[in-house]
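Each remark here refers to the structure printed beneath this line.
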Amino acid sequence: MYSLARSLLFRLDAETAHGVALKGLDLAGRLGLAEQLGGGRVEDPVELMGLRFPNRVGLAAGLDKNADHLDVLGALGFGFVEVGTVTPRPQDGNPRPRLFRLPEAGALINRMGFNNAGVDHLIARVRASRYDGVIGINIGKNLATPVERAVDDYLTCLRKVHDLAHYITVNLSSPNTPGLRNLQFGEHLDGLLGALRGEGNRLDRQTGRRVPLAVKIAPDMSAEEVGLVARALEANAIDAVIATNTTVAREAVAGLSHADEQGGLSGRPVFEPSNTIILELRRWLPGMPIIGVGGIDSGEAALAKRAAGADLVQLYSGFIYRGPKLVGECARALKARFAGQ
Ligand SMILES: Cc1cc2nc3c(=O)[nH]c(=O)nc-3n(C[C@H](O)[C@H](O)[C@H](O)COP(=O)(O)O)c2cc1C
């Protein structure tokens with residue numbers, strides 16, 4: 001069924017198709033069809049970061065930036081849903097077109113630029129939702145905030161979402177906000193993580209509820225840089241790492257139409273680069289939960305991500321190309337191979 005819907009959707013501009021597909025999913029949700037579309041809910045519970053995940057397959061950040069579709073996305077059978085990236089104030093993002101399909105490569109390029117309705121809107125939407133599963137809230141900084149003041153934006157979002165999030169992701173790895181990725185390195189990283197950890201601890205104590213902090217990193221790093229990031233995550237008692245965001249590399253898609261568009265490349269071409277980062281992280285951080293994301297488009301690819309060292313996985317581009325049934329396919333494959341481990 002999805003292949004028919006897809007052939008119609010893929011005639012539209014990518015971002016328009018995205019909106020239409022989400023509206024269609026909302027309708028399917030209201031008709032009670034979501035669970036079926038997701039290929040059947042899979043119970044494969046696992047405890048990580050002090051949270052109980054009903055299965056290991058999550059939705060990656062960016063698909064539901066404003067938490068406008070939480071009910072239906074949750075009903076598809078994801079073990080967790082990450083909403084955002086959200087910024088303190090609403091912002092438009094980059095001018096359109098800013099999302100491109102590279103179907104020959106099972107890939108997308110996006111330069112959305114954190115288009116979102118702001119953290120207050122997201123909070124209202126999460127509160128209004130009936131979804132009662134695990135929610136990650138992914139936070140970022142406004143374009144207009146200078147990188148030197150980025151910490152203020154992250155702290156604003158952290159304080160606002162702490163009450164509602166099961167975990168909070170600090171997104172340092174979008175290629176579409178100038179300077180953001182520099183926050184992954186050196187004293188920037190230690191300063192930022194130290195401030196967020198301190199405020200997180202204070203809020204945890206104040207509310208009596210511990211909300212884990214995850215950091216999302218880019219695939220465009222050398223082994224040495226991964227080692228430095230790993231040390232900073234450990235030193236600042238970060239609870240989990242999400243690897244990875246999109247890549248700025250283009251070798252894998254050279255010559256394809258849209259390959260030269262600016263932005264982050266996702267989907268199949270980022271599968272191996274993100275696995276390499278996960279393997280390296282696992283070497284440095286044997287005990288830290290890793291959420292593996294990048295290029296998962298089948299149950300087999302989810303298994304490979306887990307074999308590289310990921311405890312949980314997330315989907316984005318594969319979900320666009322393969323449709324909701326990919327959720328059940330990945331969750332079933334992981335359950336069959338790794339149940340109880
Ligand atoms: C259109 C689009 C928008 C995205 N927006 C965000 C975002 O706002 N925040 C974020 O952390 N990652 C964002 N991502 C990155 C994904 O969450 C994911 O890390 C990346 O696409 C790799 O996974 P995939 O190959 O399964 O797509 C976005 C990806 C795409 C394709």
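The values are calculated or read from the model by the stated rules, or taken from the named source; none is laboratory data. All values derive from a computational prediction rather than experimental measurement. Glycine gets a Cβ as well: all are built from the backbone with ideal geometry, and neighbour counts include every protein chain shown. When the accessible area is computed, the model is the full protein with side chains, heavy atoms only, and any ligands, DNA or RNA have been set aside. Shrake-Rupley method; radii C 1.70, N 1.55, O 1.52, S 1.80 Å.
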Return only the number of the condition from (1) under 21 Å from residue 313 (Cα atoms); (2) part of a helix (DSSP H, G or I); (3) free of Cβ contacts under 8 Å to residues at least 40 places away in the same chain that residue 47 does not satisfy.
(2)
If only one of 80, 114 is within 15 Å of the chain's Cα centre (by Cα), under 22 Å from residue 212 (Cα atoms) and of a type outside the set (S, T, N, Q), which one is it?
80
I'd like to check something: does segment 178-185 contain any residue that is surrounded by fewer than 21 Cβ atoms within 10 Å (Cβ to Cβ) and over 28 Å from residue 66 (Cβ atoms)?
yes
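Could you tell me which of the residues 120, 152, 163 is open to solvent by 30 Å² or more (accessible area, probe 1.4 Å), of a type outside the set (Lys, Arg) and farther than 21 Å from residue 70 by Cβ?
On the way: 120 fails: farther than 21 Å from residue 70 by Cβ; 163 fails: farther than 21 Å from residue 70 by Cβ.
Only one candidate qualifies: 152.
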It is to be established whether one or more residues within segment 86-101 are open to solvent by less than 30 Å² (accessible area, probe 1.4 Å), among the charged types (D, E, K, R), under 21 Å from residue 214 (Cβ atoms) and near the ligand (Cβ under 10 Å from one of its atoms).
no
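For segment 239-341, please list each of the helices (runs of 4 or more DSSP H) lying entirely inside it that holds at least 2 residues being within 16 Å of the ligand (Cβ to nearest atom), closer than 22 Å to residue 47 by Cα and open to solvent by less than 10 Å² (accessible area, probe 1.4 Å).
Details: elements: 271-284, 299-308, 317-322, 325-338.
Fully inside segment 239-341 and qualifying: 271-284, 299-308, 325-338.
Among the residues of segment 209-238, write down those that are away from the ligand (no atom under 13 Å from the Cβ), part of a loop (DSSP other than H, G, I, E, B) and either farther than 21 Å from residue 48 by Cβ or β-branched (Val, Ile, Thr) (or both).
So the first thing to find is which residues in segment 209-238 are away from the ligand (no atom under 13 Å from the Cβ), and the list is 209-213, 221-238.
Next cut, part of a loop (DSSP other than H, G, I, E, B) only: 209-212, 221-222, 236-238.
Residues satisfying the conditions are 211, 221, 222, 238.
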Selected residue (criterion: farthest from residue 262 (Cα to Cα)) from residues of segment 70-84 that are within 14 Å of the ligand (Cβ to nearest atom) and buried (at least 24 other Cβ atoms within 10 Å of the Cβ):
78
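Residue under question is residue 50, and the condition is that it be under 22 Å from the mean Cα position of the chain (by Cα) and open to solvent by less than 30 Å² (accessible area, probe 1.4 Å); does it hold? Give the steps one after another, and end with the answer.
Working: under 22 Å from the mean Cα position of the chain (by Cα): yes; open to solvent by less than 30 Å² (accessible area, probe 1.4 Å): no.
In short, no.
Given the structure, is residue 218 open to solvent by 10 Å² or more (accessible area, probe 1.4 Å) and either modelled with pLDDT under 95 or within 18 Å of residue 183 (Cβ to Cβ) (or both)?
So residue 218 fails the test.
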Can you find, within segment 1-42, the residue that is nearest to the chain's Cα centre (by Cα) among those that are of a type in the set (Lys, Arg) and either part of a loop (DSSP other than H, G, I, E, B) or surrounded by 14 or more Cβ atoms within 10 Å (Cβ to Cβ) (or both)?
41
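Residue-by-condition table, conditions (1) touching a Ser or Thr at 6+ places or on another chain (Cβ under 6 Å); (2) at pLDDT below 95; (3) more than 18 Å from residue 177 (Cβ to Cβ):
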{"position": "70", "(1), (2), (3)": "yes, no, yes"}
{"position": "88", "(1), (2), (3)": "yes, no, no"}
{"position": "93", "(1), (2), (3)": "no, no, no"}
{"position": "104", "(1), (2), (3)": "no, no, yes"}
{"position": "118", "(1), (2), (3)": "no, no, no"}
{"position": "122", "(1), (2), (3)": "no, no, no"}
{"position": "134", "(1), (2), (3)": "no, no, yes"}
